[in-house]
Amino acid sequence: MYKEQEVKKLLALTNELKHLLPEIPVIEIEDLREILRFHEYRYYVLDSPILADFEYDQFYKALEKLEASNPD
């Protein structure tokens with residue numbers, strides 16, 4: 001599903017946004033959604049997670065908070 005170049009990009013983006021948790025800026029909301037989809041695919045389809053459950057939960061909670069405060 002993900003090409004090697006996409007995987008590298010998403011892993012780099014994951015590491016970049018990890019440093020911003022739990023306060024990820026609104027401008028990163030689409031990137032955050034893409035990261036979550038990627039890690040869900042790794043976890044559920046490939047059975048090869050990269051993030052710990054706690055880290056995934058932090059990203060998910062950050063997205064929920066952003067969506068709640070920015071319903072547009």
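The values are calculated or read from the model by the stated rules, or taken from the named source; none is laboratory data. All values derive from a computational prediction rather than experimental measurement. All Cβ positions, even for glycine, are placed from backbone atoms using ideal geometry, and neighbour counts span all protein chains on display. Surface accessibility is based on the protein's heavy atoms, side chains included, excluding ligands, DNA and RNA. Shrake-Rupley method; radii C 1.70, N 1.55, O 1.52, S 1.80 Å.
A compact table of results
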| item | result |
| --- | --- |
| Gain in span if fully extended, residue 52 to residue 13, counting 0.36 nm per residue against the direct Cα distance | 12.4 nm |
| Calculated from backbone phi, Karplus (6.51, -1.76, 1.60) coupling profile of segment 58-64 in Hz, x at Gly/Pro | 5, 4, 5, 5, 4, 5, 4 |
| Environment charge of residue 53, counting only residues whose C-beta is closer than 13 Å and scoring Lys/Arg +1, Asp/Glu -1 | -1 |
| Whole-Hz ³J(HN,Hα) from phi, Karplus 6.51 cos²θ - 1.76 cosθ + 1.60, for segment 7-17, glycine and proline x | 4, 4, 4, 5, 5, 5, 5, 4, 5, 5, 6 |
| Structure-based [θ]222 nm, the chain - -39500 (n - 2.57) summed over DSSP H runs of at least 4, per residue, nearest 500 | -20000 deg cm²/dmol |
| From the coordinates shown, Rg and Dmax of the Cα atoms in Å corresponds to which of (i) 19.4, 57; (ii) 13.5, 39; (iii) 12.0, 34 | (iii) |
| Eligible lysines near residue 65 by straight Cα distance, threshold 20 Å, same-chain separation 8 or greater | 18 |
| Angle between the chain longest axis and helix 29-40 axis [Cα atoms, degrees, rounded to 10] | 40 degrees |
| Share of carbon and sulfur in the accessible heavy-atom surface of the chain [1.4 Å probe, %] | 52 percent |
| Accessible area per residue, Å², segment 1-51 with all protein chains present, probe 1.4 Å | 69 Å² |
